[in-house]
Amino acid sequence: MQEIVLLIVIALALFYIPRLRASKTVARRQIETTPPLTGLMRLAILITVLWVAGAAILVKPWNNDNLLSYLLLGIAPAVIFWGLIWVYSGYKKYRR
């Protein structure tokens with residue numbers, strides 16, 4: 001029981017102490033510079049969730065025989081898609 005309490009205290013310290021030390025102006029700048037999600041980005045997130053869920057329903061990865069098929073047909077396209085979005089947004093951001 002003491003180990004669990006110690007882990008909780010360490011986790012809280014990792015998240016709480018940096019917030020105490022950071023100035024409030026820096027936090028406001030970070031909030032203001034973070035762009036909101038656009039409608040296209042929200043649509044992409046919804047399509048990704050539906051794709052992964054639909055692949056899970058069709059392939060049934062809980063059967064041990066279909067796990068590789070699910071990874072290739074359900075998870076891999078989503079990871080590749082979001083990886084390309086990440087690379088493109090980074091390229092666009094630093095090209096300016």
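The values are calculated or read from the model by the stated rules, or taken from the named source; none is laboratory data. It should be emphasised that the depicted structure is a prediction, and the values quoted were computed from it without experimental measurement. All Cβ positions, even for glycine, are placed from backbone atoms using ideal geometry, and neighbour counts span all protein chains on display. For accessibility, only protein heavy atoms count, side chains too; no ligands or nucleic acids. Shrake-Rupley method; radii C 1.70, N 1.55, O 1.52, S 1.80 Å.
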* Take Trp86 and decide whether it is assigned to a helix (DSSP H, G or I) and open to solvent by 60 Å² or more (accessible area, probe 1.4 Å). => yes
* What are the residue pairs meeting all of these: first residue in the range 48-72, first residue over 19 Å from Gly83 (Cα atoms) and of a type in the set (D, E, K, R), second residue open to solvent by less than 100 Å² (accessible area, probe 1.4 Å) and in a loop (DSSP other than H, G, I, E, B), Cβ atoms under 6 Å, and 6 or more apart or on different chains? -> none
* Got at least one residue in the range 12-33 being outside any helix (DSSP H, G or I) and either modelled with pLDDT of 75 or more or over 30 Å from Lys93 (Cα atoms) (or both)? -> no
* Asked: So which residues in the range 43-70 are modelled with pLDDT under 90 and open to solvent by 100 Å² or more (accessible area, probe 1.4 Å)?
  -> Trp62, Asn64, Asp65, Leu68
